Amino acid sequence: MGMGKENRDRIAKRAAQELSDGMVVNLGIGIPTKVADYVPDGVEVIFHAENGILGAGGAPATGEEDAFLCNAGGYPVTIVDGASYCDSSIAFAMIRRGCIDVTILGALEVSECGDLANWIVPGKRVAGIGGAMELAQKAKKVIVLMNHVNRQGESKVKKQCDLPLTARACVDLIITEMAVMEVGEQGLILKEIMSPYTVEDVVGHTEATLIIPEQIAYLS
């Protein structure tokens with residue numbers, strides 16, 4: 001099951017609401033890259049790319065791409081005033097030292113206790129686990145942006161991950177086209193529902209057990 005541009009943009013825009021002034025933020029490939037385009041007015045964050053940029057900006061306008069300026073996924077980016085460059089070993093040292101306030105990642109599966117699987121589907125070619133393992137373990141907050149279900153219509157929000165794990169118990173917040181779920185000590189808490197979905201829709205498409213509070217926000 002694919003996801004339209006409108007849903008991807010809505011997920012990225014909601015994720016951007018989690019950012020606050022002065023944060024150092026790492027964006028994964030896919031939907032997370034779009035978060036840079038939705039940082040709220042008046043909020044200044046520093047985007048970190050593990051290939052060696054501190055101060056990455058949003059995507060360049062068509063025709064204004066710089067072949068030598070890209071993010072870790074190989075996609076063109078811009079830089080903001082005051083940005084700096086380093087080699088990838090320094091960029092990874094920043095991650096390992098715990099200097100990243102928030103990492104926003106895509107995922108194949110997330111479990112109800114916050115386990116993350118996002119690097120390989122067995123039997124398919126893959127470049128390697130990359131920086132996701134260290135980001136998931138060392139960032140102060142881990143936010144996952146993804147489709148709620150896979151192409152077969154099966155829930156990606158699971159009791160236990162079936163795919164090989166990237167890291168255990170690392171995810172803090174999950175944002176899909178259907179809902180916003182927080183990983184709590186007792187399990188997954190359904191915090192917000194995206195229009196036009198209902199509580200019943202989310203529960204019906206979620207394998208994990210959801211804790212449903214009395215107050216749930218509905219997002220247009």
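The values are calculated or read from the model by the stated rules, or taken from the named source; none is laboratory data. Keep in mind the model is a prediction, meaning the values are calculated, not measured. Here the Cβ is made from the backbone with ideal geometry for all residues, glycine too, and neighbour counts use every protein chain on show.
Observations, loosely collected:
For (1) acidic (Asp, Glu); (2) under 20 Å from Asn147 (Cα atoms); (3) out of contact with any helix residue (DSSP H, G or I) (no Cβ under 8 Å at 6 or more places or on another chain), each residue gets a yes or a no:
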| residue | (1), (2), (3) |
| --- | --- |
| Arg10 | no, yes, yes |
| Gly52 | no, no, no |
| Gly55 | no, no, yes |
| Thr78 | no, no, yes |
| Ala83 | no, no, yes |
| Asp87 | yes, no, yes |
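- Elements of the type strands (runs of 3 or more DSSP E) sitting completely within the range 39-115 and holding at least 2 residues that are touching a residue at least 24 places away in the same chain (Cβ under 8 Å) and within 30 Å of Gly187 (Cβ to Cβ): these cover 102-105, 109-111.
- Residues considered: Ala217, Ala208. Of these, the only one that is within 16 Å of Val110 (Cβ to Cβ) and either hydrophobic (A, V, I, L, M, F, W, C) or at pLDDT 95 or above (or both) is Ala208.
- The range 22-37, residues that are closer than 16 Å to Ile175 by Cβ and among the small types (Gly, Ala, Ser): Gly28, Gly30, Ala36
- Positions within the range 63-83 being over 21 Å from the mean Cα position of the chain (by Cα) and surrounded by 11 or more Cβ atoms within 10 Å (Cβ to Cβ), in sequence order: Glu65, Asp66, Leu69, Val80, Ala83
- Looking across the range 179-201, just one residue is surrounded by 23 or more Cβ atoms within 10 Å (Cβ to Cβ) and either within 17 Å of Glu154 (Cα to Cα) or at pLDDT below 95 (or both), and that is Ala179.
- Residue within the range 10-28 that is assigned to a helix (DSSP H, G or I), closer than 21 Å to Asn118 by Cβ and not hydrophobic (A, V, I, L, M, F, W, C) present: yes
- Checked across the range 126-146, the condition of being in contact with a Ser or Thr (Cβ under 6 Å, 6 or more places away or on another chain), in a strand (DSSP E or B) and modelled with pLDDT of 95 or more holds for at least one residue.
- Pair list, Cβ under 9 Å, 6 or more apart: the range 181-192 residue touching a residue at least 60 places away in the same chain (Cβ under 8 Å) and at positive phi, other residue surrounded by 16 or more Cβ atoms within 10 Å (Cβ to Cβ) and assigned to a strand (DSSP E or B): Gly187/Leu210
Residue-wise test of (1) modelled with pLDDT under 95; (2) crowded, with 17+ Cβ neighbours inside 10 Å.
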| position | (1), (2) |
| --- | --- |
| Met1 | yes, no |
| Glu6 | yes, no |
| Arg10 | no, yes |
| Ala15 | no, yes |
| Ser20 | no, no |
| Asn26 | no, yes |
| Ala36 | yes, yes |
| Pro40 | yes, no |
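- Just one residue in the set Gly153, Gly123, Gly131 is small (Gly, Ala, Ser), surrounded by fewer than 23 Cβ atoms within 10 Å (Cβ to Cβ) and within 16 Å of the chain's Cα centre (by Cα); that residue is Gly131.
- Being surrounded by fewer than 23 Cβ atoms within 10 Å (Cβ to Cβ), under 13 Å from the mean Cα position of the chain (by Cα), at negative phi and not β-branched (Val, Ile, Thr) is a property that does not hold for Ala107.
- Set Ala169, Ala136: member being among the hydrophobic types (A, V, I, L, M, F, W, C) and within 21 Å of Ala49 (Cβ to Cβ): Ala136
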